[in-house]
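The values are calculated or read from the model by the stated rules, or taken from the named source; none is laboratory data. Small disclaimer: the values here were computed from a predicted structure and weren't measured. All Cβ positions, even for glycine, are placed from backbone atoms using ideal geometry, and neighbour counts span all protein chains on display. Side chains are part of the model used for accessible areas, which takes the heavy atoms of the whole protein and leaves out ligands, DNA and RNA. Shrake-Rupley method; radii C 1.70, N 1.55, O 1.52, S 1.80 Å.
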Amino acid sequence: MAEEKKRGLLNGLTHYGDPDFAAYLRRSFARSMGYSEEMLGRPVVGITWTASGFNNCHRGVPELVEAVKRGVLAGGGLPLDFPVISLGEVFLNPTSLLYRNLMAMDVEEMIRAQPMDAVVLVGGCDKTLPALVMGAVSAGKPAIVLATGPMSTGRYHGERLGACTDCRRFWAQYRAGGLDDKQIAEIEGNLATTQGTCAVMGTASTMAILCEALGLMLPGGAAVPAVHADRLRQAEASGLRAAQLVGSALTFDRIITEGSVENALRVLLAISGSTNAVVHLAAIFGRLGMALDMDQLNRLSDETPVLVDLKPTGAHYMEDLHAAGGAPAVLRALRDQLNLGVATITGQTLGEVLEASDPWVDPTVVRPLDNPISPQGGLVALTGSLAPKGAILKRAAATPALFEREGRAVVFTSLDDLSRRIDDPELDVTPDDFLVLQNAGPLASGMPEAGYLPIPAKLARAGVKDMVRISDARMSGTAFGTIVLHVSPEAALGGPLGLVRQGDRIRLSVAGRRLDLLVEEAELARRRASFLAGPGVGAERGWRRLWRDHVLQAEQGCDLDVLRGA
Ligand code: FES
């Protein structure tokens, strides 16, 4: 009973020095919104409002929130939506990652500050699900994730298109002279034609599936297309479940355990998911005092096959995954490799959830364990003298012929330098060289998705499709190529990447999980002595100053040091 009194709108009163006055004032102001006394006496379920004119992927949020409210009301709760920062991937400068932690802080503080007993986290575009989960983990109240869902595909001259792998494919053709201005303009109008997140296994889809794998979302919720009626039913059911979670101890910190972390990593490898997920998982786990162990990732990668045939590495789109059985089909296929006793937000264990799921699967999209697309996982972590704290390569999206190579470094010292010189006909570059981009890490520039360095125009026109590319940047989950990312420590922090000079030799060994700079230590020491730290992404004030002073490197998820858990 005493517990009961702590719930609802009168929880967490505003401090006026007189709690009775604070309760009276809050009741009065809440009544001004037209709710009945019965409604105002209910437990409160908050719903994050992430619709924004700057976020096309969240265009369906208003309708989803209405459906969530139906579920909350059916569960006996009072649904109250509240705005939090919304991050539309392509509308943010310099890059959305710079604002993920700001959104996570907003989410955490607003969940904690406002009188809600549980919360439905509605989001989808790349950084929003990680930010929502990070904030909710730290806030510690019962929560459930609802994804906005993926876009449906479009058509161009009979060909099926989906953002954003096809965006890149056609842009590469355009750069190489294979498409004219009129054609690329027509394609531009057909790449993203519905609400929802990118239609392939990009970062948004990867994070939605990982939320489901971690048990933070209702079963089947990751892959339902944004425009499908099932998406609204998921929303309603999420609202109902959130109302049922009021007073429950089933908070995210109880669900995200070593067992579910291992499950999430396995699923990431089996879906050949986005490299960005490694950064986001590290940040989420860091909120709970856990690390993302790169050795564990490599171990799991060796024994976890790629089962899901989706672009950018495969043939299908997210709407096909939904039709093929969705994330539950992937989890069932991996069943023998998963920790089935872990908790989920449903109150059932993962094993019980899978037992209850529809057993149908389309094996052309979700392969069985004994007939995988590839016997090993999609990602590998690298270390070596060029990346002492690690780097990531999506081998499933790379060219195996480039895996065991030594090459000459062609160095770009910044994003500006890259855009100035990459298409210069005089650029001294051959297809066997390694393109190196410096100062695109978290501190230097907010770690933009610039690791997908374009093939120099003169090589692209000559038919070169892939080269080894190395940077401290990230890459879009929808991109592909032999691209080494997240090199840590970053160049701007004095990492060896910043000491690479034009013409140095670099050795990549995917089999050995190594990335080495083949320069004598004495020479590196000489270069280190004259190293000058850059100014960092920011300015001297506000959020960018906080970022500059507190941001951690990629292996710690680029979270702020002051936000990590014990
Ligand atoms: Fe929002 Fe791709 S731009 S998910």
statement: In the range 64-157 the accessible area split gives carbon plus sulfur, as whole percent at 1.4 Å, a share of 57
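With a Förster radius of 45 Å, plug the Cβ-Cβ distance of ARG461 and HIS550 into 1/(1 + (r/R0)^6) and report the FRET value to the nearest 0.05.
0.50
Using Stokes-Einstein with the Kirkwood hydrodynamic radius over Cα pairs, what translational diffusion coefficient do you get for the range 1-156 at 20 °C and a viscosity of 1.002 mPa s, in µm²/s rounded to a whole number?
Details: Rh = 16.7 Å.
So the translational diffusion coefficient is about 129 µm²/s.
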field: Euclidean distance between Cα centres, the range 176-212 to the range 379-446, Å
entry: 24
- prompt: In a solvent-free Debye calculation with one equal scatterer on each Cα, what is log10 I(q)/I(0) for the range 66-120 at q = 0.17 Å⁻¹, listed in the order of the q values?
  reply: -0.67
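Taking all protein chains as present, what is the carbon and sulfur share of the accessible area of the range 207-247, in % to the nearest whole number, probe 1.4 Å? The partial results should precede the final answer.
Details: 570 of 1060 Å².
Carbon-and-sulfur percentage of accessible area, whole number: 54.
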query: When the distances between all Cα atoms of the range 215-279 are binned every 5 Å from zero, what whole-number percent does each bin get?
result: 3, 13, 18, 21, 19, 19, 7, 0
message: Restricting the calculation to Cα positions, tell me the Rg (one decimal) and the Dmax (whole number) of the range 237-350 in Å.
response: 15.2, 45
message: What does the charge count around MET110 come to, taking other residues whose C-beta lies under 13 Å from its C-beta (Lys +1, Arg +1, Asp -1, Glu -1)?
response: -2
statement: Debye calc, one equal point scatterer per Cα of the range 327-449, no solvent, log10 I(q)/I(0) at q = 0.14 1/Å comes to -0.86
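For the chain, state the semi-axes of the equivalent ellipsoid (square roots of 5 times the eigenvalues of the alpha-carbon gyration tensor), sorted largest first and rounded to whole angstrom.
Details: eigenvalues 333, 141, 100 Å².
Value: 41, 27, 22 Å, ordered largest first.
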field: Accessible area of the range 398-549 belonging to carbon and sulfur atoms, whole % at 1.4 Å probe
entry: 53
task: Determine the alpha carbon to alpha carbon distance for each of LYS69/LYS394; LYS127/LYS394; LYS182/LYS311; LYS394/LYS458; LYS141/LYS311 and list only those over 31 Å.
output: LYS69/LYS394; LYS141/LYS311
- request: Would you kindly state the longest site-free stretch of the chain, with sites defined as GluC sites (Glu not before Pro) in a DSSP loop (not H, G, I, E, B) surrounded by at most 12 other Cβ atoms within 10 Å?
  value: 1-425
Probe 1.4 Å, protein heavy atoms only - accessible area per residue of the chain in square angstrom: 38
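May I ask you to compute the full-extension gain from ARG254 to TYR174, defined as 0.36 nm times their residue separation minus their alpha-carbon distance, rounded to one decimal in nm?
Working: separation 80, 0.36 × 80 = 28.80 nm, distance 4.95 nm.
Full extension of this stretch gives 23.8 nm more.
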field: Local electrostatic count at LEU216 - Lys and Arg +1, Asp and Glu -1, tallied over other residues with Cβ under 12 Å
entry: 0
Between the range 490-559 and the range 351-376, the Cα center-to-center distance that results, in Å: 41
message: What does the charge count around VAL68 come to, taking other residues whose C-beta lies under 12 Å from its C-beta (Lys +1, Arg +1, Asp -1, Glu -1)?
response: +1
query: Scattering from the C-alpha atoms of the range 89-217 alone, worked out with Debye: what is log10 I(q)/I(0) at q = 0.09, 0.11, 0.14, 0.20 1/Å?
result: -0.34, -0.49, -0.70, -1.09
message: 7 Å from Cα along Cα→Cβ at both LEU288 and ALA315: what's the point-to-point distance in nm?
response: 3.8
- prompt: Roughly how tilted is helix 276-286, in degrees to the nearest 10 and between 0 and 90, from the longest Cα axis of the chain?
  reply: 50
